[in-house]
Amino acid sequence: HLLHQASEWQGELWGKSDQVDHNRQIGVGADNSRKGQRRELKAPGTHYEYNDVRVNLLALCLLRRFGRALPDVLRERVMDPIGASKTWQWHGYRTSWTEVKGQRVQSVSGGSHWGGGMLIGARDQARLGLLVARGGRWGDRQILPAAWIKDMFTPSPTNASYGYLWWLNQGATRRPSAPATSVFALGAGSNIIWIDPDHDLVTVLRWIDGTAVGGFIERLMAAVG
């Protein structure tokens, strides 16, 4: 449910209440006039809501599961094997320190709200996109399970446009200029990894005006025919 943004978890984490993102909407035409107003919670798995506090909870759960700082896990298992740079960084908050196996470890944040998040260059983003586009395989090595990639891009029960933290090109947020098979990783500031399997493309957009994304897709699709 946390991966689908449908956990409906209630509580406070690192000084932020889940209520901060109640009634939050994402995408074109989003109405956030009621964002932050408390609403009645529903049964887990029955209601979609993009909530960064709950994403941070997911990161904390993974920290407990691995028993190690997540940036170290990501570097060892993914970033180094795909030849990423040494300059990317992943941070939490000043308040997000916890104890794991007797060691003081920072729990990283899932997004860049409130000062945390990932600092990463376009080439490293492109490598991550290519890894996903290849079904988790890099050269002759299976870095991520192919079955996981497939599940990641399966529409969630509560939002046909959403998989496991990735956006699918269907439903209300569909980009009509992009093939229906497209998938997107969307970050703050319109930092985007767009995977287009139909044309074997991985495209990275950084700090683009959100209103210009559709036009960019149209021009690129026209260029590749």
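THR158 - would you say it is surrounded by 14 or more Cβ atoms within 10 Å (Cβ to Cβ), farther than 25 Å from GLU49 by Cβ and hydroxyl-bearing (Ser, Thr, Tyr)?
Details: surrounded by 14 or more Cβ atoms within 10 Å (Cβ to Cβ): yes; farther than 25 Å from GLU49 by Cβ: no; hydroxyl-bearing (Ser, Thr, Tyr): yes.
In short, no.
Return a yes/no flag: does region 78-99 have any residue that is of a type in the set (Val, Ile, Thr), more than 26 Å from ASP124 (Cβ to Cβ) and part of a strand (DSSP E or B).
Filtering region 78-99 for residues of a type in the set (Val, Ile, Thr) gives 78, 82, 87, 95, 98.
Then drop every residue that is not more than 26 Å from ASP124 (Cβ to Cβ), which leaves 95, 98.
Filter once more, so that each one left must be part of a strand (DSSP E or B): 95, 98.
Within region 78-99, one or more residues are of a type in the set (Val, Ile, Thr), more than 26 Å from ASP124 (Cβ to Cβ) and part of a strand (DSSP E or B).
So, ALA59, is that one in contact with a strand residue (DSSP E or B) (Cβ under 9 Å, 6 or more places away or on another chain), under 28 Å from LEU128 (Cα atoms) and of a type in the set (A, V, I, L, M) or not? Before you say what the answer is, go through the steps one by one.
Numbers: in contact with a strand residue (DSSP E or B) (Cβ under 9 Å, 6 or more places away or on another chain): yes; under 28 Å from LEU128 (Cα atoms): yes; of a type in the set (A, V, I, L, M): yes.
Here the answer is yes, as ALA59 does meet what is asked.
Take the residues in region 96-122 that are surrounded by fewer than 14 Cβ atoms within 10 Å (Cβ to Cβ) and of a type outside the set (Asp, Glu), then tell me which one is modelled with the lowest pLDDT. Spell out how you get there, then give the answer.
Step one: list which residues in region 96-122 are surrounded by fewer than 14 Cβ atoms within 10 Å (Cβ to Cβ), which gives 97, 99, 101-104, 115, 119, 122.
Then keep just the ones that are of a type outside the set (Asp, Glu); that gives 97, 101-104, 115, 119, 122.
Working: TRP97: 97, LYS101: 94, GLY102: 95, GLN103: 95, ARG104: 97, GLY115: 82, LEU119: 93, ALA122: 97.
Taking the candidates together, the pick is GLY115.
State yes or no: is GLY111 touching a strand residue (DSSP E or B) at 6+ places or on another chain (Cβ under 6 Å), outside any helix (DSSP H, G or I) and in contact (Cβ under 8 Å) with a residue 60 or more places away in the chain? I'd like the intermediate steps shown before the answer.
Values: touching a strand residue (DSSP E or B) at 6+ places or on another chain (Cβ under 6 Å): yes; outside any helix (DSSP H, G or I): yes; in contact (Cβ under 8 Å) with a residue 60 or more places away in the chain: yes.
Taking the combined requirement at face value, the residue satisfies it.
Quickly run through region 115-140 and pick out the residues that are in contact with a His (Cβ under 8 Å, 6 or more places away or on another chain), in a strand (DSSP E or B) and of a type outside the set (A, V, I, L, M, F, W, C).
Correct list: GLY117 only.
Can you name the residue in region 1-51 that is in contact with a strand residue (DSSP E or B) (Cβ under 8 Å, 6 or more places away or on another chain) and not aliphatic (A, V, I, L, M) and, of all such residues, is nearest to THR158 (Cα to Cα)?
Ranking the candidates gives TYR48 first.
State all residues of region 154-179 that are aliphatic (A, V, I, L, M) and at pLDDT 95 or above; if no residue qualifies, say none. Let's see the steps before the verdict.
If we filter region 154-179 for residues that are aliphatic (A, V, I, L, M), which is where we start, we get 160, 165, 168, 172, 178.
Scanning region 154-179 gives LEU165, LEU168, ALA178.
Quickly run through region 99-146 and pick out the residues that are more than 19 Å from the chain's Cα centre (by Cα) and assigned by TED's automatic domain parsing to the domain that holds ALA188. Don't jump to the end; show me each part of the working.
Kept after step one, since they are more than 19 Å from the chain's Cα centre (by Cα), are these residues of region 99-146: 99-106, 137-142.
Passing the criteria: ARG137, TRP138, GLY139, ASP140, ARG141, GLN142.
Could you check how many residues of region 15-58 are closer than 16 Å to LEU186 by Cα and in a helix (DSSP H, G or I)?
Residues flagged as closer than 16 Å to LEU186 by Cα and in a helix (DSSP H, G or I) within region 15-58 amount to 2.
The values are calculated or read from the model by the stated rules, or taken from the named source; none is laboratory data. Values in this document were obtained by computation on a predicted structure and should not be read as measured data. Counting neighbours? That spans all protein chains shown, and the Cβs are built from the backbone with ideal geometry, glycine included.
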